[in-house]
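The values are calculated or read from the model by the stated rules, or taken from the named source; none is laboratory data. Since the model is a prediction, treat every value here as computed from it, not as a measurement. Here the Cβ positions follow ideal geometry from the backbone for every residue, glycine too, while neighbour counts run over all protein chains shown.
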Amino acid sequence: MEEPELYIHPELQKKLLEIIRKFLPLHQIFITTHSPFYINSFDESLSIHEIKKSEGASNVKNVDSENITDVFSDLGLAPSDLLMYNGLILVEGKRDFKLLNNLLAEFLISNHLEIISIEGKNKLHFFADHKILSKLIKLGFKFLIILDRDEGNQKILDTLPDDALKDNILLLPVREIENLYINPELITSFLIEYLSIDHAESKLKGIIIESIDQIISMSLIDRVIRKSFLDKIPFQFHYRDKDELMNIECDNDEWLDNFYSYFQSKFWIKNFKTENYGKLFEETKNFYQSVDKQKKWKIFPGKNIRPLLFEKLKETLKISIPLEKLEELMKENQFVKEELLEKIINHFTI
């Protein structure tokens with residue numbers, strides 16, 4: 001297929017690529033192109049080759065993620081041509097993608113920006129640690145990687161060797177995007193504005209805070225403690241191993257013994273000092289077991305809390321809370337504006 005981008009609008013280029021992908025992997029397809037979109041849309045199962053003529057001969061060079069920006073430069077492409085946008089926002093999941101597209105709709109359109117869901121921390125870590133992003137920074141291409149605020153992502157941020165790349169990473173102001181929906185002030189605003197519930201604002205907020213506190217079970221706290229502890233350790237666990245460790249049903253002392261056995265068998269570390277890890281575990285446990293109830297909505301996993309909270313409020317106050325209404329209120333919520341939206345906007349405008 002020769003230069004499929006000719007006479008085709010950028011949006012139609014995307015649709016054409018989707019059609020081409022349907023023929024894979026059962027067919028082998030060769031495409032010649034000058035389009036940055038097609039060049040940048042390849043994955044590990046596809047190959048890119050740059051063909052140049054020199055002294056009457058055609059020279060073929062394999063292109064990988066390390067030298068792809070050289071190809072863009074050879075084609076005379078501006079940084080904004082790379083993905084047909086002036087900048088990108090990379091997020092972890094579908095909920096992040098949907099919510100931020102809603103909250104930033106006008107800003108994204110007016111600044112020609114695009115949000116892309118990478119679907120998972122492991123993939124996003126690959127993007128964050130990849131040399132191509134460092135090269136894009138040097139070329140002037142703007143992007144922002146938004147990560148959940150947990151120990152695992154903090155470790156990613158702390159271990160990145162490129163300080164310039166760190167400036168393009170933003171941790172959420174809460175543990176995960178779902179936590180924004182359980183903000184007591186936000187839910188209180190919804191109850192007052194849309195349902196005209198006859199309670200004082202402080203009383204409503206207190207009901208929500210108490211409900212969240214009651215929902216957070218010891219089993220959830222223990223799971224968060226164990227995950228946070230494993231994330232802090234300077235070794236890379238396979239996610240299956242991590243899940244297996246986290247799901248062991250026992251008290252924390254017995255769980256720590258299980259961890260010691262697993263860790264020694266996995267890494268074969270000489271002079272393994274259990275007291276160092278025991279101290280780290282105790283510090284992690286003490287932190288999560290002593291979180292002030294006013295702050296729990298920010299710190300514990302929102303995806304676990306939200307459905308239980310909404311069900312509890314439905315029973316207590318006889319109301320249903322549609323996510324769409326909360327999202328509309330988020331646009332004017334002080335916490336969301338100051339701690340998230342303004343930081344994103346400033347990244348691309350200042």
- [ ] Tell me which residues, restricted to segment 252-289, are modelled with pLDDT under 85 and in contact with an Asp or Glu (Cβ under 8 Å, 6 or more places away or on another chain).
- [x] TYR262, LYS266
- [ ] Residue by residue through segment 235-252, note down the ones that are surrounded by 10 or more Cβ atoms within 10 Å (Cβ to Cβ) and either touching a strand residue (DSSP E or B) at 6+ places or on another chain (Cβ under 7 Å) or under 17 Å from GLU283 (Cα atoms) (or both).
- [x] ASN252
Task: Test for LEU180: is it crowded, with 19+ Cβ neighbours inside 10 Å, at pLDDT below 90 and not aromatic (Phe, Trp, Tyr) - done: no
TODO: Give the residue that is farthest from the chain's Cα centre (by Cα), with candidates limited to residues of segment 12-24 that are within 16 Å of ILE48 (Cα to Cα) and modelled with pLDDT under 75.
DONE: LEU24
Open item on the list: If a residue must be under 14 Å from THR32 (Cβ atoms) and surrounded by 10 or more Cβ atoms within 10 Å (Cβ to Cβ), how many such residues does segment 50-60 contain?
Closed with: 2
- [ ] Could you list all residues from segment 310-345 that are charged (D, E, K, R), without any contact (Cβ under 8 Å) to a residue 60 or more places away in the chain and not in a helix (DSSP H, G or I)?
- [x] LYS318, GLU332
Task: Boolean, PHE348 is farther than 30 Å from GLY140 by Cα and not polar (S, T, N, Q) - done: no
